[in-house]
Structure formats: structure tokens, C-alpha cells
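These notes are about the structure you will find just below.
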Amino acid sequence: MLPIFIFKDANNKIYNILYVRGKGLWDEIWGYVAFESDWNTISGEAFDHKGETPGLGAEIKDNKSWYSKFTGKKIYDSQGIYTSVSVVKGGVKDPTNEVDAISGATITSKGVDEMLERGLKYYEPYFLKNKKSEPLK
């Protein structure tokens, strides 16, 4: 069974928060990813690490301007096919579901990419069971 945390804000808006884990350059990385009620749109995120290099891989936790780029990204394409969110090196081509990698932290960036791809995929049966019946946007 996978953990899902449900948060209701002061306006009674509900967010579903999922936990993911992976491997960075030196050790474990992990994160919490919050979703809108459509189970497609990321509404917030927080990442952390056990031992990434300060100023490089540690930016997954320390650089809010980097990790906040995940907010608003989609994990399904326009046909409803799971695509996750990709961390890409060399520039974003699809702003719907791609985020630029951290410069100088290629292996940690790939670790975040893999962690999200694999970790969120584990939750897909729950997404499909619980998402609204309206089409994905």
C-alpha cells in the first residue's frame, strides 16, 4: 500500500500528496508531490536528499526556484496517456510536462526524473480510480 496524504486548505480545496523515493548521485533522494483534484496537475512539491553535493545536486532541496518549476506540470498528455514529468538537459521542448535539469548536477537530475517516472507510475491505478470523470485538461 502506498501513502497518500490528503490536505484541505482554509477554502476547503483538497490536495492529494504522494510520496516518491529514488537515488541521486551519492545517496537517496525523496519527495512529496501534491496534485490538484484532477490527479494530473501538480500543485506543489518538496524534494530532499541524504547526501547530494552542496550547490549542485543539493539544489533539489535548496533551490526553490528550481523545484517550484514542477508546479502546474501535467503527468498525462492530451490523450490521457501517462507521461510523468521529465527533467531534461539542454532546454525544455514541451512546457506541459518538462523541467530543465540542474546545471552541473546531471546524475541527480536524472535521479529526480527516474524517481518521478517510476514513483508516480505506482500510483496510477489510484489516479485512474479516483480522478474526476471530466476529460483531462
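Every read-out reported here was derived from the displayed coordinates using simple, explicitly stated rules and does not represent laboratory data. Because the structure is a prediction, the values reported are computed rather than measured. Using ideal geometry, Cβ is built from the backbone for each residue, glycine included, and neighbour counts are taken over all protein chains shown.
Ordered by packing density, taken as the mean number of other Cβ atoms within 10 Å over each peptide's residues, highest first, how do 61-74, 89-102, 1-14, 35-48 rank? Numbers along the way, then the final one.
Details: 61-74: 16.2, 89-102: 14.6, 1-14: 8.7, 35-48: 18.6.
Ranking the peptides 61-74, 89-102, 1-14, 35-48 by packing returns 35-48, 61-74, 89-102, 1-14.
Non-local amide H neighbours of N63 (under 5 Å, H modeled in plane, Pro and chain starts lacking H): which ones?
none
Is any residue of region 3-31 close enough, with backbone N under 15 Å, to a label point placed 7 angstrom from the Cα of D48 along the Cα-Cβ axis, and if so, which?
Hits in region 3-31 for D48 at 15 Å: 18-22, 28-31.
Taking the highest mean first, how do the peptides 110-116, 79-85 order by number of other beta carbon atoms within 10 angstrom per residue?
Numbers: 110-116: 22.1, 79-85: 14.0.
Ranked from most to least packed, the peptides come out as 110-116, 79-85.
Going by a ≥ b ≥ c, the root eigenvalues of the Cα gyration tensor, does the chain fall in the rounded group (a/c under 1.5), the prolate group (a/b larger than b/c) or the oblate group?
Verdict is prolate for the chain.
Please find the FRET efficiency linking D9 to Y126, where r is the Cβ-Cβ separation and R0 is fixed at 22 Å, and quote it to the nearest 0.05.
On the way: r = 21 Å, r/R0 = 0.97.
That pair, D9 with Y126, gives E of 0.55.
Helix-derived [θ] at 222 nm for the chain: sum -39500 (n - 2.57) over DSSP H runs of at least 4, divide by residue count, nearest 500?
-6500 deg cm²/dmol
Using θ = phi - 60° and the Karplus form 6.51 cos²θ - 1.76 cosθ + 1.60, what ³J(HN,Hα) does each residue of region 38-53 get, whole Hz, x for Gly and Pro?
7, 6, 10, 9, 6, 9, x, 7, 8, 10, 8, 8, 8, x, 7, 5
Take the residue pairs K13/K110; K13/K50; K61/K121; K13/K64; K73/K129 and return only those whose Cα atoms are more than 26 Å apart.
Working: K13/K110 33 Å; K13/K50 32 Å; K61/K121 22 Å; K13/K64 23 Å; K73/K129 21 Å.
Exceeds cut-off: K13/K110; K13/K50.
Between the alpha-carbon centers of region 38-66 and region 69-137, tell me the distance in whole angstrom.
14
To the nearest 10 degrees, how steeply does helix 106-122 sit against the main Cα axis of the chain, on a 0 to 90 scale?
Helix 106-122 and the main axis of the chain meet at about 20 degrees.
Can you give me the long-range amide H partners of G22? Hydrogens built in the peptide plane at 1.01 Å from N, cutoff under 5 Å, separation of 5 or more residues or another chain.
Amide H neighbours of G22: I29, W30.
For region 91-96, what does the Karplus curve 6.51 cos²θ - 1.76 cosθ + 1.60, with θ = phi - 60°, yield as ³J(HN,Hα) per residue in whole Hz, taken in order and with x for Gly and Pro?
Values per residue, Gly and Pro as x: x, 6, 9, 10, x, 5 Hz.
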